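Nothing in this text is a laboratory measurement; each read-out follows from the coordinates by a stated rule. Predicted, not measured: the structure shown is a model, and the values here were computed from it. Backbone-built Cβ (ideal geometry, glycine too); neighbour counts: all protein chains shown.
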Amino acid sequence: MPSLFICLFLAATHLAASPVEKDGLGLPNCSNLKVSLSSINSVEDPERYDRGELTRWFYAPSSRPQAIALAVHGLATKPSLMNEVALLLNRNGVDVLRLGLTGHRGSAEEMAEVSRTLWLKDFFKAYCLARSRADGLGLPLHFVGFSLGALVGQDLLNSAGAQDVRFDSAALFAPAIAVKPTSHLIKLFWPLSDGFVFPGVTKSKYSSRGGCTIAAYKALFESLAHLESSNFEKSNIRTAVLIDPRDELVSPLGIKNLIRRHALTQWRFFPLHASFPHHLVVAPENLEKNEWERTESILRRVFRLKRPVP
């Protein structure tokens, strides 16, 4: 039985392993892109979507925020999973743009059509909107990503077709930049239709409608391959990595090896302790006692925020 598992694993890690092609994103500079919240959320059939999962702003109580942040959710999770992080940052004087990636906004049909390029373009449009507000107010722009969201952000940051993208600092929750070997077993299902659906792996209240498709997993691994080929050239900014050492999907050891191998000297590793699933470190109710308060302290430190006035 162990030998069978090893054979399956080796087959999965090599299945559909094609050379990484050069990026052909052709993204413009943000200054040449007319983008608004309404244009980002423009869809052909609004009835198919959950308005609460579309991209939206969360504003700090103060009319003069300390910073702007872009927050992006994980694979097959609702964008609203990031609401608590957004509200936490609001309390600390940060305006947050919470992005809803294609396939996660309430339309199950969308998930069959997702791709790495589509997600990168989703991210870039939101980035330009957040960048416009940050530059207009003369404020830093930070990035908060969970799982897939962290991966897509790092992929775009290092993409040859996105020279305009930059962040002042980042907080990466269980970032899918180094997945565990068992995660590659999903590749055994590559011959199936891109629209074939797997059930979500997170708690049902956080799962996006329709589960996760073959197309979505292919997009994730393509993004991962592009990021690895980039050598993380633009990633060495002030960054906090927050992850449960028992994470079921992402490898904490793999991330530590990446940090060392690519000389990411500004990255800091912060272990958190969550209930099952341990991957879900971005939901306060899934964290053990006092861990959310500790998370707030970590974010204040990495984003260099002043303590809110009571």
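Side notes on the structure shown:
- Projecting label points 7 angstrom from Cα along Cα→Cβ for LYS306 and ASN231 puts them 4.2 nm apart.
- Protection-proxy order for peptides 68-74, 123-129, each taking the mean of Cβ atoms within 10 Å per residue, highest first: 68-74, 123-129
- Two-site FRET efficiency, HIS273 against LEU185, from Cβ-Cβ distance with R₀ of 25 Å, rounded to 0.05: 0.40
- Look at ASP247, ASP168 and count the other Cβ atoms within 10 Å of each Cβ; fewest to most, that gives ASP168, ASP247.
- The tail of the calculated P(r) for the stretch 216-310, taken as Cα-Cα distances beyond 23 Å, holds 36 percent of the pairs.
- Going from the fewest other Cβ atoms within 10 Å to the most, the residues ILE177, ILE298, ILE255 appear in the order ILE298, ILE255, ILE177.
- About its Cα centre, the chain has a charge dipole of approximately 1020 debye under the convention of +1 per Lys or Arg Cβ and -1 per Asp or Glu Cβ, with nothing else charged.
- For the chain, calculated [θ]222 nm from helices alone, where every DSSP H run of n ≥ 4 adds -39500 (n - 2.57): -9500 deg cm²/dmol
- Helix 291-302 axis, angle to the chain major axis (alpha carbon atoms, nearest 10°): 70
- Dipole of the stretch 153-289, positive end: most advanced residue of ILE214, ALA274, PHE173 [Cβ charges, Cα centre]: ALA274
- Between SER31 and LYS205, full extension at 0.36 nm per residue minus the direct alpha carbon distance yields a gain of 58.8 nm.
- Whole-angstrom gap from the stretch 89-161 to the stretch 211-255, using each part's C-alpha centre: 15
- Expressed as a fraction of 2.2 N^0.38 Å, the value expected for a compact globular protein of N residues, the C-alpha radius of gyration of the chain is 0.95.
- Fully extended contour minus Cα-Cα distance, from ASN257 to LEU192, at 0.36 nm per residue: 20.1 nm
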